[in-house]
Amino acid sequence: MGRAGVSPETIDLSVGGKRQTERIRHYLSEHLRPGLSVKEAGERYCALASPDLYHLLTVDLGWTPDQHRDWLTELVRTELL
């Protein structure tokens, strides 16, 4: 456990989520689906684009990187924009 009983993995996800939220705020905030906040969009993107999910899909389930990219692109379009 790291600072204040928080695991390093949680800290990394927290920092990553903040970065994604800032990127979304900068590039996509005007294009988000109605009713979806920048914070929610950042959290959803962070979950969808996580390295663990990429590993699960490409290594464990045998998806190609192109399949992952196409799937993630479609999800971003339908869920965030």
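The values are calculated or read from the model by the stated rules, or taken from the named source; none is laboratory data. Please read these numbers as outputs of a predicted model, since none were measured by experiment. For neighbour counting, all protein chains shown are included, and Cβ atoms are generated from backbone atoms with ideal geometry for every residue, glycine included.
Within region 22-38, track down each residue that is in a helix (DSSP H, G or I), touching a helix residue (DSSP H, G or I) at 6+ places or on another chain (Cβ under 6 Å) and modelled with pLDDT of 85 or more. Quick ask: steps written out before the conclusion?
Filtering region 22-38 down to residues in a helix (DSSP H, G or I) leaves 22-27, 29-31, 38.
Keeping just the survivors that are touching a helix residue (DSSP H, G or I) at 6+ places or on another chain (Cβ under 6 Å) gives 24-25, 29, 38.
Result: 38, single match.
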**OP:** Only residues that are exposed (fewer than 13 other Cβ atoms within 10 Å of the Cβ) and either among the aromatic types (Phe, Trp, Tyr) or more than 14 Å from the chain's Cα centre (by Cα) (or both): list them for region 57-77, please.
**Re:** 59, 60, 61, 62, 64, 65, 66, 70
Subject >> Residue check, residue 19 closer than 21 Å to residue 77 by Cα, part of a helix (DSSP H, G or I), under 12 Å from the mean Cα position of the chain (by Cα) and at pLDDT 80 or above >> reply: no
